[in-house]
Structure formats: structure tokens, C-alpha cells
Amino acid sequence: MNQDIFVVVEHLRGQVADISYIMLAAARDLAQATGGEVVAVLLGHNAQALASNLAANHVLYGDHSSLAEFTSDAYTQALAGLLSKEAPRAAFFGSTSIGSDVAGVLSARLGLPLVSSCVQIADGNLISQICGGKIMAESALSDEVTTLVTVIPGGYKPAQGQAQTSPAVTTFEVSIAAPRVSLKQYIEPEVADVDISAENVLIAVGRGIQTEDNLELAEELAELLGGVVCASRPVVDQGWLPTARMVGKSGKSVKPKLYLALGISGAPEHVEGMADAEMIIAINMDPDAPIFDIATYGAEIDLFDLIDPLLEALEGA
Ligand SMILES: Cc1cc2nc3c(=O)[nH]c(=O)nc-3n(C[C@H](O)[C@H](O)[C@H](O)COP(=O)(O)OP(=O)(O)OC[C@H]3O[C@@H](n4cnc5c(N)ncnc54)[C@H](O)[C@@H]3O)c2cc1C
């Protein structure tokens with residue numbers, strides 16, 4: 001086994017996903033502790049240009065027509081061969097639907113340990129969230145086999161994993177035997193009333209908002225601040241807001257200038273979609289709510305004690 005940290009680059013329709021850059025930043029911290037290098041693993045077809053700004057010591061690029069679009073089948077076949085041959089100390093995957101799919105299968109197929117929801121590296125160990133972020137776990141890398149890791153946003157910014165100069169790229173041989181799955185088509189979401197991913201100010205409501213009627217308070221705040229209301233999954237699951245307003249793993253990724261989170265706990269699946277907001281203000285009654293770990297400012301307060309005075313202050317401003 002060598003001491004390198006592999007990062008499996010996630011990309012879709014010609015765009016490298018932010019989670020890839022976040023993983024590269026985390027991998028750099030880990031490689032400093034192991035004494036290895038950060039190696040980005042890029043899979044695709046005619047996709048080598050995507051390597052241009054990856055902050056890695058070098059890039060291993062695997063090209064195959066079956067890798068033109070992501071399928072778990074083709075990715076796991078390509079990666080099983082590479083990981084078995086190269087035996088890096090750790091391999092990072094995004095804690096996304098793509099990364100979790102691939103890492104889980106590889107863990108089972110190759111018999112490798114998998115640490116999920118890693119958010120930070122500390123002294124060469126993996127710090128990860130469990131129970132929706134209420135408990136933090138610290139794991140050491142295996143000394144004997146490659147440790148697979150899924151990474152969630154929150155600990156690093158995408159800019160930390162982007163380079164000004166292109167890394168060296170080496171092509172590796174990919175063998176994919178008769179792929180069993182292929183992509184038929186992308187199904188685009190229905191056109192929404194607003195595109196929350198393009199908004200500068202988002203007032204995000206979570207289960208703490210309690211009733212549908214209370215959404216009106218958030219709407220008033222949004223109007224005064226020139227933004228729109230979005231939500232965590234429970235609010236959308238109740239049917240109080242359309243799916244297009246959901247932030248997170250099953251919803252949209254947003255990067256507003258201001259994200260005001262009202263009664264949102266900060267579960268990893270939610271944080272995945274909003275950790276890169278420029279400023280996060282969290283309002284929550286629970287001092288241990290994980291949202292405070294990533295908030296720029298936080299207030300441990302009942303949101304209903306805050307909204308009325310805030311509306312008054314904004315109206316008078
Ligand atoms: C595969 C999968 C995908 C998922 N995808 C998503 C996704 O895309 N987006 C998403 O959001 N979730 C997603 N989830 C769900 C996610 O795990 C959490 O359950 C969800 O984010 C929790 O939403 P919440 O923070 O609103 O609710 P809760 O976790 O119940 O938190 C409510 C918070 O409100 C606070 N609160 C309550 N009353 C008040 C008050 N009066 N004033 C102030 N604070 C108050 C509480 O202290 C608590 O912290 C997914 C889960 C799975 C398994």
C-alpha cells in the first residue's frame with residue numbers, strides 16, 4: 001500500500017462538482033499527515049480538460065466510451081481495477097448520490113472499510129458526522145488496506161481545492177466488461193416559479209417553523225430583504241412548499257450571499273446543498289444543533305421571538 005490519497009472527481013454534463021474541490025482540499029490535509037500525494041482520479045470520455053484546475057499533485061485519467069455518462073456499473077468496474085492495483089492509503093468520494101453509490105459497492109466488492117460523512121481532517125484522522133450531525137466520530141485510517149471515505153461539505157471551501165496551474169495528467173488503462181447499465185436520458189425538473197440557486201438572499205425554513213401558516217412570516221422577511229423562501233426537506237415533504245424550493249442532497253445546491261436558516265438542524269443532507277453560502281445566519285433553540293458548526297453567525301433563540309422584532313426593524317430601516 002502507498003501513502004497517496006486518491007480523490008474520485010465527480011462531474012456531470014461537463015462541469016466538475018464543487019464536492020470534488022472540497023475533497024481535494026481535505027485530501028491535501030490528509031496527505032500531509034500520511035506523507036503521500038493527492039491524486040485526482042478522473043473518469044470520462046473525452047473529458048481530460050476537466051482536470052485543468054484540480055488542486056492535485058497529479059491526475060490519473062481513465063477514458064472509455066462507457067464512462068461518457070456516469071453509471072455506477074462502469075465507475076465501479078473502472079475503480080475496482082485501479083484501487084486494487086494502486087492500493088492508495090485512502091480514496092475519497094463525494095457523499096452524494098453518485099459517490100455514495102460507488103463507494104458502497106466498492107467497499108462490498110473489494111472488502112475495504114468505508115468511513116462515511118467525513119467533514120474534516122484532524123491530525124491525520126477522519127472527523128465524520130453521524131446521527132444527522134448530532135455526534136462526531138473520529139476514525140483512523142487502516143494501516144493494511146485502502147480506507148474508502150465519503151466526504152460532506154462544511155469543512156472546506158471549493159476554492160481551496162482549485163489550482164491556478166494545470167496538474168500533470170497520466171492516462172491509465174480502463175477495462176469495463178460488457179456494461180450492464182447505460183444512461184437513457186436526463187429528466188429535467190419541472191420549471192419552477194423561482195430558481196433558488198440563482199438568488200442572493202434565501203430565507204430557509206425548517207421543521208422549526210411548525211405550521212404552514214407560519215411560512216407567511218418567512219415570506220414577509222424575504223420580501224423585506226429582497227430574497228425568496230426555501231426549505232429543508234420536512235417542509236417540502238409536508239407539501240408546504242414545492243420541491244423546487246428544497247435545499248440539499250435531494251434538492252438544489254445554493255450559494256447565496258445570505259442564507260438565513262430558521263429552525264433548521266443542519267443535517268448533512270441539508271448542509272450538502274448550502275454550505276457554500278457566503279454568509280450563514282442560523283436561528284435555533286438547540287445550542288448543539290450542527291447548523292451552528294457551519295454558521296457565520298448564530299442565535300440560540302426561539303425563532304418566533306426573533307421574527308417580529310426583526311420585521312419591525314427591517315420595516316423601519
Ligand atoms: C437520502 C436522504 C436525502 C435527504 N435529502 C435532504 C435534502 O435534500 N434536504 C434536506 O433538508 N434534508 C434531506 N434529508 C433529510 C435530512 O436528513 C434531515 O432529516 C432534514 O434536513 C431535517 O430537516 P430540519 O432541519 O428542518 O428538521 P429537524 O432536523 O427536525 O430540525 C428542526 C430544528 O428546528 C429547531 N427548532 C424547533 N423549534 C424551533 C423554534 N421555535 N425556534 C428555533 N429553532 C427551533 C430544532 O432545535 C431543530 O434543530 C435527506 C435524508 C435522506 C436520508
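The values are calculated or read from the model by the stated rules, or taken from the named source; none is laboratory data. Please read all numbers here as calculations on a predicted model, not as lab measurements. Note: ideal-geometry Cβ built from the backbone for every residue, glycine included; neighbour counts use all protein chains shown. The area values use the complete protein model at the heavy-atom level, side chains included, leaving out ligands, DNA and RNA. Shrake-Rupley method; radii C 1.70, N 1.55, O 1.52, S 1.80 Å.
Structure notes:
- Over all other residues within a Cβ to Cβ distance under 10 Å of residue 285, the charged ones net out to -4, with Lys and Arg as +1 and Asp and Glu as -1.
- Taking 0.36 nm per residue of separation and subtracting the current Cα-Cα distance, fully stretching the chain between residue 12 and residue 257 would add 85.7 nm.
- Neighbourhood charge, 12 Å Cβ-Cβ cut-off, centred on residue 39 and excluding it, Lys, Arg +1 and Asp, Glu -1: -1
- Shown is the FRET efficiency for residue 224 and residue 278, computed with R0 = 25 Å from the Cβ-Cβ distance and rounded to the nearest 0.05: 0.80.
- Carbon/sulfur fraction of accessible area - the chain, other protein chains in place, 1.4 Å, %: 48 percent
- Solvent exposure of the chain, expressed per residue, is 47 Å² of accessible area, with all protein chains present and a 1.4 angstrom probe.
- Helix-only mean residue ellipticity at 222 nm for the chain, each DSSP H run of n ≥ 4 adding -39500 (n - 2.57), per residue, nearest 500: -8000 deg cm²/dmol
- Which of 137, 247, 316, positive extreme of dipole for the chain (C-beta unit charges): 137
- The orientation-averaged shadow of the Cα convex hull for the chain, equal to a quarter of the hull surface, comes to 17.0 nm².
- Summing Cβ point charges (Lys, Arg +1; Asp, Glu -1) relative to the Cα centre of the chain gives a dipole of roughly 1420 debye.
- Those aspartates and glutamates that a straight Cα-Cα span of less than 15 Å connects to residue 134, excepting residues fewer than 8 apart in one chain: 269, 286, 288, 293
- Across segment 196-316, the fraction of Cα-Cα pairs farther apart than 25 Å, rounded to a whole number, is 11%.
- Summary value for the chain: 16 percent relative contact order, contacts being C-alpha pairs under 8 angstrom separated by 6+ residues.
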